Amino acid sequence: MMKKILLFISFIIPAVFFMQSCSEAPLEITSENEGVLIYSRNGLIDSLTGTCSSFLTRTAIIDTLDFTKYRSVKIEFDAYTDGDLSRINIFYLNQNAAVNIMNIEGINAISNNKSIIVNSPNIKSYFYLRMQLFASVCTGDLYHLKLRDLKISGIE
């Protein structure tokens, strides 16, 4: 009988700790450089393909984001391009003018960066993503610009 009670307790205590670890609270990452996760979208965000003679632009709404409590913003992503004049921007509108918080351009900047820390715009607004595919060299090949796994965090 005592063995059954000890066995029962040995399963109940870990189960209680496991259930306590689940939470509905927003994700807060404690590391200073990681910040508080504000926006996350996994998987393919967008992909553009074209020739050197085409200048392709695609703009999409990310979401309403609140940066009023943060001094910096960390933007993490996985991107690839082989178009040397391609660019990726994240921006908001202020009196009908686009204000960039992130602007990366070129093969090395887009394909080799995985995260960027920028100053916070200190606003709550709609934020937009703009991807532009363009190449200066005409080889007859197709060029690509892909973005996936976008995470935006606020750093206090």
Can you name the condition, by its number, that residue 113 falls short on among (1) of a type outside the set (Val, Ile, Thr); (2) under 13 Å from the mean Cα position of the chain (by Cα); (3) at pLDDT 95 or above? (3)
Checking the structure you have, find out if any residue of region 119-137 is closer than 22 Å to residue 64 by Cα, in a strand (DSSP E or B) and without any contact (Cβ under 8 Å) to a residue 60 or more places away in the chain. yes
Between residues in region 58-85 that are touching a residue at least 60 places away in the same chain (Cβ under 8 Å) and more than 20 Å from residue 133 (Cβ to Cβ) and residues that are part of a strand (DSSP E or B) and of a type in the set (Asp, Glu), which pairs lie under 8 Å by C-beta distance while being six or more apart or on different chains? 76/149
Selected residue (criterion: surrounded by the fewest Cβ atoms within 10 Å (Cβ to Cβ)) from residues of region 86-115 that are out of contact with any Lys or Arg (no Cβ under 9 Å at 6 or more places or on another chain), hydrophobic (A, V, I, L, M, F, W, C) and over 20 Å from residue 41 (Cα atoms): 97
Could you go through region 135-154 and let me know if any residue there is among the polar types (S, T, N, Q), surrounded by 15 or more Cβ atoms within 10 Å (Cβ to Cβ) and within 20 Å of residue 47 (Cβ to Cβ). no
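For region 116-145, how many residues are of a type outside the set (Phe, Trp, Tyr) and in contact with a Lys or Arg (Cβ under 9 Å, 6 or more places away or on another chain)? Before you say what the answer is, go through the steps one by one.
As a first pass, look at region 116-145 and keep what is of a type outside the set (Phe, Trp, Tyr): 116-125, 129-133, 135-142, 144-145.
Filter once more, keeping what is in contact with a Lys or Arg (Cβ under 9 Å, 6 or more places away or on another chain): 116-120, 122, 129-133, 145.
Of the residues in that region, 12 qualify.
Could you please give the count of residues in region 49-85 that are touching a helix residue (DSSP H, G or I) at 6+ places or on another chain (Cβ under 6 Å) and surrounded by 20 or more Cβ atoms within 10 Å (Cβ to Cβ)?
First, pick out the residues of region 49-85 that are touching a helix residue (DSSP H, G or I) at 6+ places or on another chain (Cβ under 6 Å): 79-81, 84.
Cutting the leftovers down to surrounded by 20 or more Cβ atoms within 10 Å (Cβ to Cβ) gives us 79, 81.
Number of matching residues: 2.
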Out of curiosity, is residue 106 over 16 Å from the mean Cα position of the chain (by Cα) and either under 25 Å from residue 153 (Cβ atoms) or basic (Lys, Arg) (or both)? yes
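The values are calculated or read from the model by the stated rules, or taken from the named source; none is laboratory data. These numbers were taken from a predicted model, which means no experiment stands behind them. Backbone-built Cβ (ideal geometry, glycine too); neighbour counts: all protein chains shown.
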